[in-house]
1. Determine the sum of side-chain charges near TYR35: Lys and Arg each +1, Asp and Glu each -1, restricted to other residues whose C-beta is under 13 angstrom from that of TYR35.
2. What's the local net charge at HIS127, with K and R +1, D and E -1, over the other residues with C-beta under 11 Å away?
3. Of all DSSP beta bridges in the chain, what percent run antiparallel (nearest 5)?
4. Report, in whole Å, the centroid distance computed from the Cα atoms of the stretch 110-165 and the stretch 21-63.
5. Using only the alpha carbons, work out the radius of gyration and Dmax of the stretch 1-49 in angstrom.
6. Please name whichever of TYR126, THR152, SER163 sits farthest to the positive end of the charge dipole of the stretch 113-171, dipole taken about the Cα centre and charges placed at Cβ: Lys and Arg +1, Asp and Glu -1.
7. Let's test the formula: R0 of 22 Å, r as the Cβ-Cβ distance of GLN27 and GLN157. What FRET efficiency results, to the nearest 0.05?
8. Non-local amide H neighbours of ILE125 (under 5 Å, H modeled in plane, Pro and chain starts lacking H): which ones?
Amino acid sequence: MFENPNQEMYDHRNQTIDSWGKDSTGQVKYTFDKYGFRNHNNYEVMPECVFFGCSLLFGVGVNKQDVFTSNFQCWNFGLAGRYTEDEILNCYTQFQKLQIDCKVVFVWRSKESLPDLNMLDSEKIYHCVPYKSEHKNHLRLLECLDYDVSGTHYGPQTHKKFSKLLWYFLK
């Protein structure tokens, strides 16, 4: 496996805390695994898909079991707090070295911060983007149906609906 390139998250490896990023309510517990990612992943089971991306993917303000990736046999490398798109791409580059054959899904937070998606163009790479796109491997992010406990990110109902939409999109 590989370590989280985001130093702030990596510094919390093997810890549980009650606030992260824009969520300072203390209502959600955030447990970080030994690599510095939120404790979503069972690394002993080969994933059908792997997710890379933003705080929506990380699950700011929602319990682990309510994050949309919990309905997939996957690994979730979502970043949250202070991070860059370069760190997301670094995670992907490190993952590629593992040579695991599976679908890859990127979740991007804003149109302005997107890297060149053409360099990540493959039949097994999908992008969830915050705008309408005609590209066959792009899926537009949902409008927010409800909010997390901090009022800043997708809530449990939005995660649930997005999970269903994504499941259909990936099959």
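1. Within the 13 Å Cβ shell, the charges total 0.
2. Counting the neighbours of HIS127, the net charge comes to +1.
3. Around 25 percent of the beta bridges assigned by DSSP in the chain are antiparallel ones.
4. Measuring centre to centre over Cα atoms gives 16 Å.
5. Computed over the Cα atoms of the stretch 1-49, radius of gyration and Dmax are 11.8, 34 Å.
6. It is SER163, whose Cα lies furthest towards the positive end.
7. 0.85
8. Under 5 Å from the amide H of ILE125 lie the amide H atoms of VAL104, each far enough along the sequence or on another chain.
Values in this text are rule-based calculations from the coordinates and carry no lab data. Quick caveat: nothing in here was measured; it's all calculated off a predicted structure. Virtual Cβ from ideal backbone geometry, glycine too; neighbours counted across all protein chains shown.
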